[in-house]
1. I'd like the residue in the stretch 143-180 that is touching a residue at least 40 places away in the same chain (Cβ under 8 Å) and under 13 Å from the mean Cα position of the chain (by Cα) and, out of all such residues, is farthest from G209 (Cα to Cα).
2. Can you pull out every residue in the stretch 72-109 that is in contact with a Phe, Trp or Tyr (Cβ under 9 Å, 6 or more places away or on another chain) and either of a type in the set (K, R) or not in a helix (DSSP H, G or I) (or both)?
3. Among A97, A80, A53, A91, which is the only one that is closer than 20 Å to A123 by Cα and surrounded by 16 or more Cβ atoms within 10 Å (Cβ to Cβ)?
4. In this structure, does A108 turn out to be of a type in the set (G, A, S), under 15 Å from A147 (Cβ atoms) and buried (at least 18 other Cβ atoms within 10 Å of the Cβ)?
5. Determine if the stretch 5-13 includes at least one residue that is modelled with pLDDT under 65, outside any helix (DSSP H, G or I), in contact with a helix residue (DSSP H, G or I) (Cβ under 8 Å, 6 or more places away or on another chain) and not assigned by TED's automatic domain parsing to the domain that holds R140.
6. Looking only at the stretch 110-164, count every residue that is assigned to a loop (DSSP other than H, G, I, E, B) and charged (D, E, K, R) and tell me the total.
Amino acid sequence: MNKQQFFLIGGGALLLCAIYFFGRTVPPRKPVAKQEVSASAAGSVTINTILEASRRQLTPSQQTYVAQLESAVVRGDVKAQQIKVYNQLAAFWKDSAHMLLPYGWYMAEAAKLENSQKNLTFAAQFFLNGVRRQENPDLRKWMALQAKELFEKALELSPGNDSLKVGLGSCYLFGGISEMPMKGIQLIREVADRDPDNLYAQFMLGLGGMQSGQFDKAIERLLKVAHGEPDNTEAILLLAEAYERSGDNKNAAKWYEASKKNIQNPDLINVLDERIKTLTNAPAQ
């Protein structure tokens, strides 16, 4: 079973952001031309290209509704009115059009105007969760830049918030927004060194270890998370994968087995059982 399959087995809330952000969460009413999505995903990504591609997937009545709301944003000179319209647009893209990236964009725009740490953080985390699962490098970078801006604005309101610092560091670590990814590692490690019990920081450093192939370091970090958060399915699966890729089949099987208690899908449990069986029967390395 490959890494992508393991991520799909992972926690429910994070699974929402595993969906390709131009896609839908429910089947479309009519076929959508595949090239419309891929054309916008190729090359430099901007919010204009994203919204243009997304609008083409709407029905004529939906396009009219969105155009009216977008026009209202331009006309509105009162911040409260703009916030209201941004929230209406966010709700439409999420609940009616079922397209997550336009939803995230408008949710973030409302959060910036509200200047609420809670809403800025929610929007930043939304984009960051998508960054780690986005295969298109241009779109991944664009999402990371959105998350970075939102984390920075939230940090202006709460400079001592360690979770925000870890989130900001993760934008650099996973988003490809800088030629110096160590900047992200340093931001996260600063938190982890000061507070070893910060499991968010430990998890992100564990992910960094997996990304760089430093599986011994990933295991060290992810073990702390798995023991501290026994319901964190993604961390447990990543820990099992780290053991497997380091050649420790016994511990890999142990942690794959441990992950099953948090998984309800019988098909996924069968996949894990097969993996455990293969690891258990494999000759010792």
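The values are calculated or read from the model by the stated rules, or taken from the named source; none is laboratory data. Note that the structure is predicted; figures quoted are calculated from it, not measured. Glycine gets a Cβ as well: all are built from the backbone with ideal geometry, and neighbour counts include every protein chain shown.
1. Only one residue fits best here, namely Q146.
2. K94, A97, M99
3. Numbers: A80 fails: surrounded by 16 or more Cβ atoms within 10 Å (Cβ to Cβ); A53 fails: closer than 20 Å to A123 by Cα; A91 fails: surrounded by 16 or more Cβ atoms within 10 Å (Cβ to Cβ).
Every option except A97 fails the conditions.
4. Spelling it out, A108 is indeed of a type in the set (G, A, S), under 15 Å from A147 (Cβ atoms) and buried (at least 18 other Cβ atoms within 10 Å of the Cβ).
5. Initial filter on the stretch 5-13 (modelled with pLDDT under 65): 5-13.
Filter once more, keeping what is outside any helix (DSSP H, G or I): 10-11.
Then keep just the ones that are in contact with a helix residue (DSSP H, G or I) (Cβ under 8 Å, 6 or more places away or on another chain); that gives 10-11.
Narrowing the set further to residues that are not assigned by TED's automatic domain parsing to the domain that holds R140 leaves 10-11.
Yes, the stretch 5-13 contains at least one residue that is modelled with pLDDT under 65, outside any helix (DSSP H, G or I), in contact with a helix residue (DSSP H, G or I) (Cβ under 8 Å, 6 or more places away or on another chain) and not assigned by TED's automatic domain parsing to the domain that holds R140.
6. To start, the set of residues in the stretch 110-164 that are assigned to a loop (DSSP other than H, G, I, E, B) comprises 115-116, 132-136, 158-161.
Then drop every residue that is not charged (D, E, K, R), which leaves 132-133, 135.
Qualifying residue count for the region: 3.
For (1) under 19 Å from the mean Cα position of the chain (by Cα); (2) without any contact (Cβ under 8 Å) to a residue 40 or more places away in the chain, each residue gets a yes or a no:
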| position | (1), (2) |
| --- | --- |
| M182 | no, yes |
| L205 | yes, yes |
| G209 | yes, yes |
| Q214 | no, yes |
| L238 | yes, no |
| S246 | no, yes |
| N270 | no, yes |
| L279 | no, yes |
